[in-house]
Amino acid sequence: MRKNRKLTIALLGLLLVLFILEQNRNDSKKVAILHRDYPVYENASQLVKKADLVFTGKVKSKKNELLDIGDYQNEKDPTTGAEDEAESLPYTIYEVEIEELYKGNYDGNSIRVKILGGNMNGTIYEMEDAMPIEIGGEYLFNVSTYEDSEATLLNMTQAIYDLNAPNLISEENSITVSDIIEAAKKYNNET
């Protein structure tokens, strides 16, 4: 009986030590929630009209980078005359294999899409309301494109859809994958 009591106390002590170690390990990763104002679209037609590209694709890889976002990097702001210093923010850049292009023209089989947030220097930066994007996942993307930078989602709540849950809607977004594909077909027929 005494051996069982000693064994129970030893096991409880070991569990307590493991719990404390796990808490310390989890505490070492900080999470910062990022907020950014994005335009919100009333319907799929508005969303498709604003997007440069609408496509489905499979995420092949991702990487985290600090990108400079200053508008007038190390130059004077033409309005205020103040000198602007480059500001770097963490982004996750996804390599996406394009499966079907619904709107826009794109030469290539894959495209890089950047999203604000990522894992940098022990801190996880997450966009508020952002859908988790998984390697191997298939999504519908609505993006703006740029000559000198990766494509960017139009917003975080309406510009990406998980094709494994295409009709999942929320209070903030009632637009579905079917709505977007239909709006893209209609847009293409009109232009």
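The values are calculated or read from the model by the stated rules, or taken from the named source; none is laboratory data. Computed from a prediction, not measured in an experiment: that's the story for all the values here. Neighbour counts run over all protein chains shown; Cβ positions are idealised from the backbone, glycine included.
Structure above, values below:
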item	result
Test: residue in segment 64-82 that is modelled with pLDDT of 95 or more and of a type in the set (Lys, Arg)	no
Matching option when the condition is modelled with pLDDT of 85 or more, surrounded by 10 or more Cβ atoms within 10 Å (Cβ to Cβ) and in a helix (DSSP H, G or I), among Ser61, Ser45	Ser45
Any chance Val31 is at pLDDT below 95, assigned to a strand (DSSP E or B) and in contact with an Asp or Glu (Cβ under 7 Å, 6 or more places away or on another chain)	yes
Criterion (modelled with pLDDT under 90, in contact with an Asp or Glu (Cβ under 6 Å, 6 or more places away or on another chain) and either farther than 30 Å from Lys30 by Cα or of a type in the set (S, T, N, Q) (or both)) met by exactly one of Ser110, Ser88	Ser88
Selection from segment 135-151 of residues that are surrounded by fewer than 18 Cβ atoms within 10 Å (Cβ to Cβ) and at pLDDT 95 or above	Ile135, Gly136, Gly137, Glu138, Ser144, Thr145
